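The values are calculated or read from the model by the stated rules, or taken from the named source; none is laboratory data. A quick note: this is a predicted structure, and the numbers were derived from the prediction, not measured. Neighbour counts run over all protein chains shown; Cβ positions are idealised from the backbone, glycine included. Ligands, DNA and RNA are excluded from the accessible area calculation, which covers all protein heavy atoms including side chains. Shrake-Rupley method; radii C 1.70, N 1.55, O 1.52, S 1.80 Å.
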Amino acid sequence: MAAVPQDTGRELRRIVRTNEEIKRVVATAFKINLMAMNAIFLAKRAGQTALGFGVLSNELRRFAMDLQKQMSQLREMTYGSVSTITALVKQARLNRVLERTRKESTGVGRSLIDEFMRTRHSLTFARHREQIAALNRRLSQMIADTAQLVELGSVLARSAKIEAAYGGAFSASLMQVSCDFERTIGDIQRSLESLTKRQDASL
Amino acid sequence: MKTARVIYEDGKHKWIALVRDPNRPDYLIDSNEYLVVDDDDSLLLDPGGNEVFPSVFSALSTEFDPRKINKLFASHQDPDIISSLALWLEFNPQVKCYISWLWASFVPHFGGNKETFISIPDGGMDIMIGSQRLQLIPAHYLHSSGNFHLYDPKAKILFSGDVGAALLPQGEDDLFFGDFDRHIRHAEGFHRRWMGSEKAKHDWCQRVSQLDIQMMCPQHGAIYRGDQVRRFIDWFSHLEVGIVKG
Ligand SMILES: [Fe+2]
Ligand SMILES: [Fe+2]
């Protein structure tokens, strides 16, 4: 029982850290969206000389939008877990006081608390634990899905770099855009990796 | 744990004071909780803070079945008064809490929902406990802006919340006291600083002077008996309050 409050406190801090990381990824994903629009615009100006790049930039834009959708779902999920963990922290605090009450009580008070804590524990506590475990599983799954999506983005960025080489007079600026893409997607990948590591540690 | 002391008993009508926990950490202000019992019915007055719940609950159970606690009265909104609400609700989700309408939407931050609270209008109201009628006496601005005391006409006891409170030094913390002048020194600083309004103070002194009071039970410190009650009212009416000095 004594381990519970610290446990939940740690869990809450972990969720907060995860949230911060996800916020960072969301901000970056937004940047990708702008970059993709910029790439489409550039490809249009380059016209015939950058047909391949134009196709890729449309793909990248679709990718950016998918990523954003994924991110808002992720964020929603961490909000949900904050409220679950908060409820758990509150329960744990109540439990701590109840445990003290049990220790101090004698006679009818004692047996009342004993009985109360038994039912309360098996109901409330087990349910919260279950909720957290489920949340963690879903979060891990979603991070894995996102990582896969981002992997696709990174392939697109590499292809864009190759296409940029055929961009004639626009080659240099197309290359610049592709490299920015690649770097930004790399940032997201690193964030996701650390998220995955954190999730693995918690499961 | 605290001690449960029966301070009044007449047949099925009883007042139990829950007082003085020797293990209370010194960073928490000491508080008195009172249980008014009439037959099987009861009202718990100023149930106390979260931190003292274990001690209140265990002391209470020695005299009364805690499962039967279904009515609480909070004289005002302070944490030492009612922050244990969530715990009482854990035991009995049907518990009702009487509190000034002023605080009825603030105190749910400690626990409870729309069904939990019974708002007391500014003029006060009566509460039936068993066959006994108890009166909620307005004591606004002493110190809280929405504040009530409780008068039991049968027992002739006034529960006076923070009014009459004394911060007693260790070794001088008997539940009753002998020497008024000696005792009131421990109440003076508290009343000067916590009580906010001269006008409210005079109103209160006037109002309670008309009641027949055998015992005045504050939420902190010792209980006033007999003539000590009259002396307190007199002392309080002459005390300058609502001013920060220094
Ligand atoms: Fe107070
Ligand atoms: Fe108080």
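A few notes on this one:
- Residue in the stretch B:112-132 that is in contact with an Asp or Glu (Cβ under 7 Å, 6 or more places away or on another chain), away from ligand 2 (no atom under 16 Å from the Cβ) and either part of a strand (DSSP E or B) or over 29 Å from B:Q214 (Cα atoms) (or both) present: yes
- Unmet criterion (only one of (1) more than 16 Å from ligand 2 (Cβ to nearest atom); (2) of a type outside the set (V, I, T); (3) in a strand (DSSP E or B)) for B:H149: (1)
- Once the stretch B:78-107 is narrowed to residues that are within 16 Å of ligand 1 (Cβ to nearest atom) and assigned to a helix (DSSP H, G or I), the residue that is farthest from A:F116 (Cα to Cα) is B:L102.
- Those residues of the stretch B:39-50 which are more than 14 Å from chain A (Cβ to nearest Cβ) and closer than 14 Å to B:F73 by Cβ, in sequence order: B:D41, B:S42, B:L43, B:L44, B:L45, B:D46
- The stretch A:103-116, residues that are surrounded by 19 or more Cβ atoms within 10 Å (Cβ to Cβ) and either part of a loop (DSSP other than H, G, I, E, B) or more than 7 Å from chain B (Cβ to nearest Cβ) (or both): A:S105, A:I113
- The residue that is modelled with the highest pLDDT, among those in the stretch B:51-77 that are closer than 23 Å to B:I137 by Cα, open to solvent by 10 Å² or more (accessible area, probe 1.4 Å) and away from ligand 1 (no atom under 15 Å from the Cβ), is B:K71.
- Residue match in the stretch A:120-139 (condition: of a type in the set (S, T, N, Q), within 14 Å of chain B (Cβ to nearest Cβ) and open to solvent by 50 Å² or more (accessible area, probe 1.4 Å)): no
- Filtered by the rule that a residue be within 16 Å of ligand 2 (Cβ to nearest atom), among the aromatic types (F, W, Y) and surrounded by fewer than 16 Cβ atoms within 10 Å (Cβ to Cβ), the stretch B:152-200 gives a lone residue, B:W194.
- Matching residues, the stretch B:61-77, being assigned to a loop (DSSP other than H, G, I, E, B) and away from chain A (no Cβ under 14 Å): B:N70, B:A74, B:S75, B:H76, B:Q77
- Selected residue (criterion: nearest to the other protein chains (Cβ to nearest Cβ)) from residues of the stretch B:121-177 that are within 16 Å of ligand 1 (Cβ to nearest atom) and among the polar types (S, T, N, Q): B:S144
- Number of residues in the stretch A:170-203 that are within 24 Å of A:A50 (Cα to Cα), at pLDDT below 90 and surrounded by fewer than 13 Cβ atoms within 10 Å (Cβ to Cβ): the value is 0.
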